[in-house]
Amino acid sequence: MLEIDIHSSLRDFELEVSLRVKRGEMLMLMGENGCGKTTVLNSVAGLFTPGRGEIILDGRILFDSRERINLPPAKRRVGYVFQNYALFPHMTVLDNVAFGLCSQGIPRYEAERRAKGQLQAFDLWEVRQARAFQISGGQKQRTALARALAIQPELLLLDEPLSALDITKQGAMRQELQERVKECDVPSVMVTHDPRDVAQIGDRVCLLERGKVVRCSPAEEIASWGMGPGGLSCRWRRGSSPGKVGL
């Protein structure tokens, strides 16, 4: 289980988030731009240091301000799919997928062996020697996910992984993403603006407003939140009420 209890003073508001994510569960985070969603992901990944609090993964302390524990990203065993995928454009697809393994000190031959397994699983073998800038948007998305899973993560974070894709390709990618994430059987957190992502991929959804979790519900209830395909609506925001953040 992932346990998040953090507080930080950001430029425009106080971030105060308490969340629990079970093994095998996909928690969806929604909210307007700048409400703190990506900051939560970065805090868990070790890319942002909260002011105080703790982050615990399966009993292992990733961050504890009182105990002055703050593991570096490479030691957290977190797979992270960034919004723009963060691929190295002039590296090959194979090298991109192997990068996270090499950064953990795994020998190159072993990193390539594991990376090749992911490339085959994600139907990327034929483009393994292509540079990242040469492949399609869907292939970039799969490369980023393959890189995140190659390290055999204990936690998976995804920051709007479908937003860069053409809308005509998002449906198929949602299905593939759902299948890949379920295979991992680790706690997963995904940021999105699209209720279709929630309905098809998520198990539970939480709404953030100015750094606070104000509503949570099972993913299948997203239709009752009064949202269209484009995401947030003013009526929905004003009508929302704080919800209990369950385990």
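Given G53, G46, which one is modelled with pLDDT of 95 or more, under 26 Å from H193 (Cα atoms) and surrounded by fewer than 23 Cβ atoms within 10 Å (Cβ to Cβ)?
Numbers: G53 fails: under 26 Å from H193 (Cα atoms).
Sole residue among the options that is modelled with pLDDT of 95 or more, under 26 Å from H193 (Cα atoms) and surrounded by fewer than 23 Cβ atoms within 10 Å (Cβ to Cβ): G46.
Give the stretch 145-165 a look and list any residue that's buried (at least 17 other Cβ atoms within 10 Å of the Cβ) and part of a loop (DSSP other than H, G, I, E, B), or say none. Lay out the reasoning, then the answer.
Narrowing the stretch 145-165 to residues buried (at least 17 other Cβ atoms within 10 Å of the Cβ): 145-151, 153-162, 165.
Scanning the stretch 145-165 gives I151, P153, E154, E160, P161, L162, L165.
Taking the conditions exactly as written (in contact (Cβ under 8 Å) with a residue 40 or more places away in the chain, within 29 Å of M1 (Cβ to Cβ), surrounded by 15 or more Cβ atoms within 10 Å (Cβ to Cβ) and within 15 Å of the chain's Cα centre (by Cα)), does R142 satisfy them or not?
Working: in contact (Cβ under 8 Å) with a residue 40 or more places away in the chain: no; within 29 Å of M1 (Cβ to Cβ): yes; surrounded by 15 or more Cβ atoms within 10 Å (Cβ to Cβ): yes; within 15 Å of the chain's Cα centre (by Cα): yes.
No, not satisfied.
Here are some conditions: (1) surrounded by fewer than 19 Cβ atoms within 10 Å (Cβ to Cβ); (2) at pLDDT 95 or above; (3) at negative phi. D58 meets all but one. Which one does it not meet?
(3)
If I filter the stretch 120-134 down to residues being surrounded by 19 or more Cβ atoms within 10 Å (Cβ to Cβ) and farther than 28 Å from D58 by Cβ, which single residue comes out as farthest from the chain's Cα centre (by Cα)?
The first filter runs over the stretch 120-134 and keeps only residues surrounded by 19 or more Cβ atoms within 10 Å (Cβ to Cβ), leaving 122, 124, 127, 132.
Still in the running and farther than 28 Å from D58 by Cβ: 124, 127, 132.
Values: L124: 21, V127: 25, A132: 21 Å.
Only one residue fits best here, namely V127.
So which of D159, D123, D185, D203 is farther than 25 Å from G34 by Cβ and touching a strand residue (DSSP E or B) at 6+ places or on another chain (Cβ under 7 Å)?
Details: D159 fails: farther than 25 Å from G34 by Cβ; D123 fails: touching a strand residue (DSSP E or B) at 6+ places or on another chain (Cβ under 7 Å); D185 fails: touching a strand residue (DSSP E or B) at 6+ places or on another chain (Cβ under 7 Å).
Every option except D203 fails the conditions.
Among the residues of the stretch 120-138, how many are touching a residue at least 12 places away in the same chain (Cβ under 8 Å), within 20 Å of L165 (Cα to Cα) and part of a helix (DSSP H, G or I)? Steps first, answer last, please.
Going through the stretch 120-138, the residues touching a residue at least 12 places away in the same chain (Cβ under 8 Å) turn out to be 121-124, 127-133, 135, 137-138.
Then drop every residue that is not within 20 Å of L165 (Cα to Cα), which leaves 122-124, 127, 130-133, 135, 137-138.
Next cut, part of a helix (DSSP H, G or I) only: 127, 132-133, 137-138.
Within the stretch 120-138, residues that are touching a residue at least 12 places away in the same chain (Cβ under 8 Å), within 20 Å of L165 (Cα to Cα) and part of a helix (DSSP H, G or I) number 5.
Out of (1) over 19 Å from C184 (Cβ atoms); (2) of a type in the set (A, V, I, L, M); (3) out of contact with any helix residue (DSSP H, G or I) (no Cβ under 9 Å at 6 or more places or on another chain), the odd one out for V21 is which?
V21 satisfies all of (1) over 19 Å from C184 (Cβ atoms); (2) of a type in the set (A, V, I, L, M); (3) out of contact with any helix residue (DSSP H, G or I) (no Cβ under 9 Å at 6 or more places or on another chain) except (1).
Of the residues G24, G36, which single one is under 20 Å from C206 (Cα atoms) and either touching a strand residue (DSSP E or B) at 6+ places or on another chain (Cβ under 6 Å) or hydroxyl-bearing (S, T, Y) (or both)? So that I can check it myself, show each step before the final result.
Details: G24 fails: either touching a strand residue (DSSP E or B) at 6+ places or on another chain (Cβ under 6 Å) or hydroxyl-bearing (S, T, Y) (or both).
Every option except G36 fails the conditions.
Does the stretch 1-22 contain any residue that is surrounded by 19 or more Cβ atoms within 10 Å (Cβ to Cβ), among the polar types (S, T, N, Q) and closer than 24 Å to Q104 by Cα? Even if it seems obvious, please write down each step before you answer.
The initial filter retains those residues of the stretch 1-22 that are surrounded by 19 or more Cβ atoms within 10 Å (Cβ to Cβ), namely 2, 4, 6, 8, 15, 17, 19, 21.
Then keep just the ones that are among the polar types (S, T, N, Q); that gives 8.
Subset that is closer than 24 Å to Q104 by Cα: none.
The answer is no; no qualifying residue exists.
Only one of these conditions is not met by R237: (1) in contact with a Lys or Arg (Cβ under 8 Å, 6 or more places away or on another chain); (2) surrounded by 15 or more Cβ atoms within 10 Å (Cβ to Cβ); (3) under 26 Å from S9 (Cβ atoms); (4) modelled with pLDDT under 95. Which number is it?
(1)
Here's the yes/no breakdown for (1) assigned to a strand (DSSP E or B); (2) surrounded by fewer than 17 Cβ atoms within 10 Å (Cβ to Cβ); (3) of a type in the set (S, T, Y); (4) under 15 Å from the mean Cα position of the chain (by Cα):
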position: A172; (1), (2), (3), (4): no, yes, no, no
position: L177; (1), (2), (3), (4): no, no, no, yes
position: V186; (1), (2), (3), (4): no, no, no, yes
position: V205; (1), (2), (3), (4): yes, no, no, yes
position: L208; (1), (2), (3), (4): yes, no, no, no
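Quick check on the stretch 83-93. Is at least one of its residues of a type in the set (S, T, Y), free of Cβ contacts under 8 Å to residues at least 12 places away in the same chain and more than 26 Å from E54 (Cβ to Cβ)? Explain how you work it out, then say what you get.
Just the residues of the stretch 83-93 that are of a type in the set (S, T, Y), to begin with: 85, 92.
Going one step further and asking which of them are free of Cβ contacts under 8 Å to residues at least 12 places away in the same chain, we end up with none.
Taking every residue of the stretch 83-93 in turn, none turns out to be of a type in the set (S, T, Y), free of Cβ contacts under 8 Å to residues at least 12 places away in the same chain and more than 26 Å from E54 (Cβ to Cβ).
The values are calculated or read from the model by the stated rules, or taken from the named source; none is laboratory data. All figures in this text were calculated on a predicted structure; none of them were measured in a lab. All Cβ positions, glycine included, derive from the backbone under ideal geometry; neighbour counts span all protein chains shown.
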